[in-house]
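The values are calculated or read from the model by the stated rules, or taken from the named source; none is laboratory data. Quantities reported herein were computed from a predicted structural model and do not represent experimental measurements. When we count neighbours, we look across all protein chains shown, and the Cβ atoms used for this are built from the backbone with ideal geometry, even at glycine. The protein model used for the area step is the full one, side chains on, heavy atoms only, and it has no ligands, DNA or RNA in it. Shrake-Rupley method; radii C 1.70, N 1.55, O 1.52, S 1.80 Å.
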Amino acid sequence: MPLPTLDVLEAAARVVHAVLPPTPQYRWPLLSARAGCGVWVKHENHTPVGAFKVRGGLVYLDALARQGALPPGIVSATRGNHGQSLGFAAARHGVPVTIVVPHGNAREKNAAMQALGCTLVEHGEDFQAATEHAAALAAERGLHRVPSFDPLLVAGVGTYALELLRAVPSLEVLYVPVGLGSGVCGVLAAKAALGHRVEVVGVVSAHAPTYAESFAARAPVSAPVTTVLADGMACRTPVPEALEVMLAGVSRIVSVSDDEVAEAMRAIFRDTHNVAEGAGAAGFAALWQERAQLRGREAGFVLCGANVDSAVFAEVLAGRTPRV
């Protein structure tokens, strides 16, 4: 997949910034002292839906509107943040949204999507089953199916990387959580567009290893998902186009366990008083895992979302890792 150019990213940024301001990036002293290196945090938890995905939804719906192709309704699958993104963006154009989530999805993410006007359908035991059902609903009901990975979504979410890399030209290593891959592909697009020298490291859940195994095999490999805490990374089948981009631009993949993610969530809250969902803390878990080789350098991670159920977060703060 060709990466979005600087012109495309800047056009996407104009769409995004017409609705929401750039999110901040801070070099947090306590996190830096803890890790022994400069630690920058890109605060995508500060968007109106508490996650980076909203950028992609805004750009995708804007493109449909500009093409005069707004459909009578859209459908997609999600574990939560993509669905909130579409609900937020589609409401601006008066387009109804149906979202398919797997059974047992985070209750508060479900409530947030419904508050944004989404009609929720529960189907299947994981994201893959939900996305297959979304495709069936699109065919059955004549709805426009919004994928979870698309060049427009990549351009939209890549705007956070444009902000970060322009603000921190000294950044040496950036840890990016990988779900289906739009975020990391957006980072690689911004890096190339700006000629930035940052090293991009992909982060996956050790309990959702499809991209780690695919990266090692240099070909798509499906893998079972057992993560409870990092639901935003709970993907069992990779997107070939995303894998191709990652193979060309990501230096390596770091796998983090739910226990490591839970400790990272606690550290982020103690040191910054920001709430991170599992996927949002995964970047710091990877940074912490590699802290010895980062000593004295400037590193960062993307706090991609804050949408964790309060009961789950309470359990994490109490020192426990939620299990199945």
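Given the criterion small (G, A, S), open to solvent by less than 60 Å² (accessible area, probe 1.4 Å) and closer than 30 Å to P29 by Cβ, identify the matching residue among S310, S257. So that I can check it myself, show each step before the final result.
Values: S310 fails: open to solvent by less than 60 Å² (accessible area, probe 1.4 Å).
When all the criteria are applied, what remains is S257.
Residues that are in contact (Cβ under 8 Å) with a residue 60 or more places away in the chain and under 30 Å from A89 (Cα atoms): list the strands (runs of 3 or more DSSP E) wholly contained in the stretch 157-260 that include at least 1 such residues.
Details: elements: 173-177, 199-205, 252-256.
Those strands (runs of 3 or more DSSP E) span 173-177, 199-205.
Is it the case, given these coordinates, that G87 is at negative phi, in contact (Cβ under 8 Å) with a residue 12 or more places away in the chain and open to solvent by less than 10 Å² (accessible area, probe 1.4 Å)? If you could, list the steps in order and put the result at the bottom.
On the way: at negative phi: yes; in contact (Cβ under 8 Å) with a residue 12 or more places away in the chain: yes; open to solvent by less than 10 Å² (accessible area, probe 1.4 Å): yes.
Considered against the rule, which asks whether it is at negative phi, in contact (Cβ under 8 Å) with a residue 12 or more places away in the chain and open to solvent by less than 10 Å² (accessible area, probe 1.4 Å), G87 comes out as yes.
Go through the residues of the stretch 25-42 one by one and say whether even a single one is under 18 Å from the mean Cα position of the chain (by Cα), over 30 Å from V225 (Cα atoms) and of a type outside the set (S, T, Y).
In the first step, residues of the stretch 25-42 are kept if they are under 18 Å from the mean Cα position of the chain (by Cα); the result is 25, 40-42.
If we keep only those that are over 30 Å from V225 (Cα atoms) too, we end up with 25.
Going one step further and asking which of them are of a type outside the set (S, T, Y), we end up with 25.
Yes: the stretch 25-42 contains one or more residues that are under 18 Å from the mean Cα position of the chain (by Cα), over 30 Å from V225 (Cα atoms) and of a type outside the set (S, T, Y).
State the number of residues belonging to the stretch 30-81 that are farther than 21 Å from P96 by Cα, touching a residue at least 24 places away in the same chain (Cβ under 8 Å) and surrounded by fewer than 16 Cβ atoms within 10 Å (Cβ to Cβ).
2
Could you give every pair whose Cβ atoms fall below 8 Å, whose first residue belongs to the stretch 303-316 and is within 16 Å of A282 (Cα to Cα) and part of a helix (DSSP H, G or I), and whose second residue is open to solvent by 20 Å² or more (accessible area, probe 1.4 Å) and β-branched (V, I, T), counting only separations of at least 6 or pairs across chains?
Listed by first residue and then by second, the contacts come to F313/V275; V316/V308.
Please enumerate the residues belonging to the stretch 90-111 that are crowded, with 24+ Cβ neighbours inside 10 Å and free of Cβ contacts under 8 Å to residues at least 60 places away in the same chain.
Within the stretch 90-111, A90, V97, I99, V100, V101 meet the criteria.
Just to check your reading of the model, which residue among P169, P147, P151 is out of contact with any Gly (no Cβ under 8 Å at 6 or more places or on another chain), surrounded by fewer than 24 Cβ atoms within 10 Å (Cβ to Cβ) and modelled with pLDDT under 95? Write out each step before concluding.
Numbers: P169 fails: modelled with pLDDT under 95; P151 fails: modelled with pLDDT under 95.
Of the residues listed, the single one that is out of contact with any Gly (no Cβ under 8 Å at 6 or more places or on another chain), surrounded by fewer than 24 Cβ atoms within 10 Å (Cβ to Cβ) and modelled with pLDDT under 95 is P147.
Which of the following residues is within 25 Å of L243 (Cβ to Cβ) and in contact with an Asp or Glu (Cβ under 7 Å, 6 or more places away or on another chain): P147, P177, P102?
Values: P147 fails: in contact with an Asp or Glu (Cβ under 7 Å, 6 or more places away or on another chain); P177 fails: in contact with an Asp or Glu (Cβ under 7 Å, 6 or more places away or on another chain).
Result: P102 is the single residue among P147, P177, P102 that is within 25 Å of L243 (Cβ to Cβ) and in contact with an Asp or Glu (Cβ under 7 Å, 6 or more places away or on another chain).
For residues in the stretch 266-286 being open to solvent by 10 Å² or more (accessible area, probe 1.4 Å) and either of a type outside the set (V, I, T) or out of contact with any helix residue (DSSP H, G or I) (no Cβ under 9 Å at 6 or more places or on another chain) (or both), which is farthest from V256 (Cα to Cα)? Steps first, please.
From the stretch 266-286, those open to solvent by 10 Å² or more (accessible area, probe 1.4 Å) are 266, 269-275; that's our starting set.
Still in the running and either of a type outside the set (V, I, T) or out of contact with any helix residue (DSSP H, G or I) (no Cβ under 9 Å at 6 or more places or on another chain) (or both): 266, 269-271, 273-274.
Details: R266: 15, F269: 18, R270: 20, D271: 20, H273: 22, N274: 20 Å.
Within the stretch 266-286, the match that is farthest from V256 (Cα to Cα) is H273.
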